[in-house]
1. Of the conditions (1) in a helix (DSSP H, G or I); (2) at pLDDT below 70, Ala199 clears all except one; give me its number.
2. Condition (residue is farther than 23 Å from Ser18 by Cβ, out of contact with any helix residue (DSSP H, G or I) (no Cβ under 8 Å at 6 or more places or on another chain) and not in a helix (DSSP H, G or I)) applied to the stretch 72-85: is it met by at least one residue?
3. I'm checking my understanding of the structure. Among residues of the stretch 135-145 that are in contact (Cβ under 8 Å) with a residue 60 or more places away in the chain and out of contact with any helix residue (DSSP H, G or I) (no Cβ under 6 Å at 6 or more places or on another chain), which one is surrounded by the most Cβ atoms within 10 Å (Cβ to Cβ)?
4. Residue under question is Tyr27, and the condition is that it be in the same structural domain as Glu86 (by TED's automatic domain parsing), over 26 Å from the mean Cα position of the chain (by Cα) and among the aromatic types (Phe, Trp, Tyr); does it hold?
5. I'm trying to understand the selection: among the residues of the stretch 45-60, which are surrounded by 12 or more Cβ atoms within 10 Å (Cβ to Cβ) and either part of a helix (DSSP H, G or I) or outside the structural domain of Ser92 (by TED's automatic domain parsing) (or both)?
6. Hey, among Ser42, Ser18, which residue is loosely packed, with under 12 Cβ neighbours inside 10 Å, among the small types (Gly, Ala, Ser) and either in the same structural domain as Asp64 (by TED's automatic domain parsing) or touching a Gly at 6+ places or on another chain (Cβ under 6 Å) (or both)?
7. Which residue out of Ala43, Ala91 is over 25 Å from the mean Cα position of the chain (by Cα) and more than 28 Å from Asp120 (Cβ to Cβ)?
Amino acid sequence: MTHPLNRTLLLLDIEKFSDRDDVEQTYLRRMLYDVVERVLQSAGIDQTLHLRADRGDGVLVMIDANASLPLLLRVLLTEAPAQLREVNRMASSAAQIRLRAVVATGFVTVDAIDGWVGTDLNQACRLLDADTLRAALREGNSDIALCVSESVHAGIVRHDHQGIPADAFHPITVQSKNGPLKAWLHGPVPAAAATAPPAQEPTPARQQERAAAEGGGAVEFHGTNSGVVAGQINGPMIQGGVINGGVTFHGNPGDGR
């Protein structure tokens, strides 16, 4: 196995690919590779600076870190949508091609059987499959929806380079099996993602209830100790709620508060 190499990752995936028949899928794959070739050429990335991996309904491109990342982003934001629009003008409804795209950076290892391995690569794939990116393409007017990783935003996008407007990118959080991933979406955040309530931490009272349920612990009573005898509660008792029946506490009877 070789050492991990720092690379730019470009991932593209065709929308609704599995809904098409074999003839349509063959056409769409050809169009996809035509678009990829034009994007790479326009970004000055020749065959010596990249490797490709076929994903069936998409393609993964691993690009040398010395290639210009700002130029690649600029091409994806300007020329790629224009190319797709031109292709789709002459295509039937069944042959329309729309793409989800992710640009990320990170370390990737190419193993002995030409497989690509790396956590950064895994995270980029999860961004590509995220519901938020799918919804952005579905709801948007463009034929391509672009998402960039946190590292790409920090290193390039936030500096507002020419042709890469920083205010056109919006933060999103993608849920994955390994936890949340922060990324940046070009264009409006889909309505469903924008209105989804953020995950909230339990309130202190709820945390106390959970701790009592999971691990026992002390129970405090404020007021009289009516009905509490020798570590037991006999009969119904209301203390911010109702306790029905008898409850036995494990501990010393003299530990009551």
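The values are calculated or read from the model by the stated rules, or taken from the named source; none is laboratory data. Since the model is a prediction, treat every value here as computed from it, not as a measurement. We place every Cβ from the backbone using ideal geometry, glycine too, and count neighbours over all the protein chains shown.
1. Here Ala199 meets the rest and fails (1).
2. no
3. Ranking the qualifying residues of the stretch 135-145, first place goes to Leu137.
4. Here the answer is yes, as Tyr27 does meet what is asked.
5. Once the filter is applied, which keeps residues that are surrounded by 12 or more Cβ atoms within 10 Å (Cβ to Cβ) and either part of a helix (DSSP H, G or I) or outside the structural domain of Ser92 (by TED's automatic domain parsing) (or both), the stretch 45-60 yields only Leu49.
6. Values: Ser42 fails: loosely packed, with under 12 Cβ neighbours inside 10 Å.
Sole residue among the options that is loosely packed, with under 12 Cβ neighbours inside 10 Å, among the small types (Gly, Ala, Ser) and either in the same structural domain as Asp64 (by TED's automatic domain parsing) or touching a Gly at 6+ places or on another chain (Cβ under 6 Å) (or both): Ser18.
7. On the way: Ala43 fails: more than 28 Å from Asp120 (Cβ to Cβ).
Ala91 is the lone residue from the list that is over 25 Å from the mean Cα position of the chain (by Cα) and more than 28 Å from Asp120 (Cβ to Cβ).
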